[in-house]
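K.L.:
The following block contains the structure, expressed as structure tokens.
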Amino acid sequence: MAVVNPYIWGTGRRKTSTARVRIKPGTGKFMINGKEVDAFFVTEDTRRAAKEPLGVTETRNNYDVWVNVKGGGVTGQAGATSLGIARALR
């Protein structure tokens, strides 16, 4: 019996930051590099930027999100995360 992959993948890049995003239907759990989103992005601007695609599509509590992000600075990582989520939702 084949196992079906429940995840939808998206990749986002901004400047020198790269984010690999996995989403699946769930309850709104949002992890970045093994930390909760609010612990990883400590400023409100970066949190808002990272979560923006979920807010615009009104799916904030419909998906669980896991992100691996590296490179660049905090703002670039937030932008790369946002783009990766948007691509996965598409």
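The values are calculated or read from the model by the stated rules, or taken from the named source; none is laboratory data. Note that this is a predicted model, so its numbers are computed, not measured. Glycine also receives a Cβ, built like all others from the backbone with ideal geometry; neighbour counts cover every protein chain displayed. For accessibility, only protein heavy atoms count, side chains too; no ligands or nucleic acids. Shrake-Rupley method; radii C 1.70, N 1.55, O 1.52, S 1.80 Å.
Table: residues versus (1) open to solvent by 100 Å² or more (accessible area, probe 1.4 Å); (2) part of a loop (DSSP other than H, G, I, E, B).
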| residue | (1), (2) |
| --- | --- |
| Arg20 | yes, no |
| Thr27 | yes, yes |
| Ala49 | no, no |
| Gly76 | no, no |
| Ala86 | no, no |
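K.L.:
Can you pull out every residue in region 37-81 that is in contact with a strand residue (DSSP E or B) (Cβ under 7 Å, 6 or more places away or on another chain) and charged (D, E, K, R)?
P.N.:
Asp64, Lys70
K.L.:
Check Arg14 against each of (1) out of contact with any strand residue (DSSP E or B) (no Cβ under 7 Å at 6 or more places or on another chain); (2) within 13 Å of Ser82 (Cα to Cα); (3) open to solvent by less than 70 Å² (accessible area, probe 1.4 Å) and name the one condition it does not meet.
P.N.:
Evaluating Arg14 over (1) out of contact with any strand residue (DSSP E or B) (no Cβ under 7 Å at 6 or more places or on another chain); (2) within 13 Å of Ser82 (Cα to Cα); (3) open to solvent by less than 70 Å² (accessible area, probe 1.4 Å) leaves (3) as the failure.
K.L.:
Condition first: at pLDDT 95 or above, open to solvent by 30 Å² or more (accessible area, probe 1.4 Å) and among the aromatic types (Phe, Trp, Tyr). Can you find one or more residues in region 53-64 that meet it?
P.N.:
Yes, region 53-64 has at least one match.
K.L.:
Quick one: Trp9 ticks every box in (1) in contact (Cβ under 8 Å) with a residue 40 or more places away in the chain; (2) assigned to a helix (DSSP H, G or I); (3) open to solvent by 70 Å² or more (accessible area, probe 1.4 Å) bar one, so which box is it?
P.N.:
Condition not satisfied by Trp9: (2).
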